[in-house]
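Working notes for the structure below.
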Amino acid sequence: MHIIRETVEYFLDFLFPKTISLIEIEGMSNQMLLETLSPATDLKDENILAVWSYKDKTVKEIIWELKYKGNKKIALKLGSILVDVLKSEIADKALFESLWSNTPLLLPIPISNKRRRDRGWNQTEMLGEVMQNIDSDAFEYSKDILSKTKHSDSQARSHATKREREENLVNSIVVLNTERVRGRCVVVLDDVTTSGSTFGEARRALKKAGAKKILCLAVAH
């Protein structure tokens, strides 16, 4: 899988050289990125957390690099920022809900087999692996618990209404190992959340499997 990703990245870099802005982004510190890019707003669900606004053109470029080019430098930067954001959020929650004092389970949003074949990787798994490598004590990461059972159009790029998106995702995610989930605090990870439909479907499956608390984390909204 890593060989496929590196090969695709090499040819894409050759055909579509990195823009000056992307080179600048890769050279920025985490603090500079947090200070420069537009923060996420209008998150109406208190259980969904996002770092930046997807309306920001630079944020879109970053997501594109991660999702369609498997940019490992971008994944490392985003993953390290997400670790700090998530640890701070969990610490705050643990003050009021003791269950969050236990090590939470970190799960990436799964993609369909078709999308994995087409793209060669799951960008959200890339982020999860970075986060676990940075702080293996803070999260228990697993990419094999949530599974996408049917293919659906990209929610971020779809022009469907919120209701149509929700209907498109109904029963599309399942929990493969309920024992790992039952009674746990779970953090669901994705790169972009738009209507919240994908997170909603993941939460449905996790609640059915017995998860006690569920927090959703995205790079952008």
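Among the residues of the range 195-218, is there at least one that is more than 13 Å from Leu146 (Cα to Cα) and polar (S, T, N, Q)?
If we filter the range 195-218 for residues that are more than 13 Å from Leu146 (Cα to Cα), which is where we start, we get 195-197, 200, 210, 212-218.
From what's left, polar (S, T, N, Q): 195, 197.
Yes, the conditions are met somewhere in the range 195-218.
So in the range 172-200, with the set limited to residues that are in contact with an Asp or Glu (Cβ under 8 Å, 6 or more places away or on another chain) and farther than 22 Å from Glu97 by Cβ, which one is modelled with the lowest pLDDT?
That would be Ser195.
Does Leu107 fit the bill of being touching a strand residue (DSSP E or B) at 6+ places or on another chain (Cβ under 7 Å), in contact (Cβ under 8 Å) with a residue 40 or more places away in the chain and not in a helix (DSSP H, G or I)?
yes
Quickly run through the range 45-81 and pick out the residues that are aliphatic (A, V, I, L, M) and touching a Gly at 6+ places or on another chain (Cβ under 9 Å).
Here is the first cut: in the range 45-81, the ones aliphatic (A, V, I, L, M) are 48-51, 59, 62-63, 66, 74-76, 78, 81.
The answer is Ile48, and nothing else.
Residues being in a helix (DSSP H, G or I), among the hydrophobic types (A, V, I, L, M, F, W, C) and more than 24 Å from Gly70 (Cβ to Cβ): count how many of those fall in the range 173-221.
3
When Ala156 is evaluated against the numbered criteria (1) surrounded by 15 or more Cβ atoms within 10 Å (Cβ to Cβ); (2) more than 19 Å from Asn102 (Cβ to Cβ); (3) touching a strand residue (DSSP E or B) at 6+ places or on another chain (Cβ under 7 Å); (4) modelled with pLDDT of 75 or more, which criterion, by number, is the only one it fails?
(4)
Return a yes/no flag: does the range 85-96 have any residue that is charged (D, E, K, R) and buried (at least 19 other Cβ atoms within 10 Å of the Cβ).
No - not one qualifying residue is present in the range 85-96.
Can you pull out every residue in the range 127-149 that is hydrophobic (A, V, I, L, M, F, W, C) and farther than 13 Å from Val83 by Cα?
Ile145, Leu146
So, in the range 174-190, how many residues would count as being touching a Lys or Arg at 6+ places or on another chain (Cβ under 8 Å), surrounded by fewer than 24 Cβ atoms within 10 Å (Cβ to Cβ) and at negative phi?
3
Yes or no: Lys114 surrounded by fewer than 16 Cβ atoms within 10 Å (Cβ to Cβ), touching a His at 6+ places or on another chain (Cβ under 8 Å) and at pLDDT below 95?
Numbers: surrounded by fewer than 16 Cβ atoms within 10 Å (Cβ to Cβ): yes; touching a His at 6+ places or on another chain (Cβ under 8 Å): yes; at pLDDT below 95: yes.
It is true that Lys114 is surrounded by fewer than 16 Cβ atoms within 10 Å (Cβ to Cβ), touching a His at 6+ places or on another chain (Cβ under 8 Å) and at pLDDT below 95.
Identify all residues within the range 110-131 that are among the aliphatic types (A, V, I, L, M) and either in a loop (DSSP other than H, G, I, E, B) or under 10 Å from the mean Cα position of the chain (by Cα) (or both); write none if there are none.
Hits for the range 110-131 are Ile111, Met126, Leu127.
The values are calculated or read from the model by the stated rules, or taken from the named source; none is laboratory data. Everything numeric here is computed off the predicted structure, so don't read it as measured data. Reconstructed Cβ throughout: ideal geometry from the backbone, glycine too, with neighbour counts over all protein chains shown.
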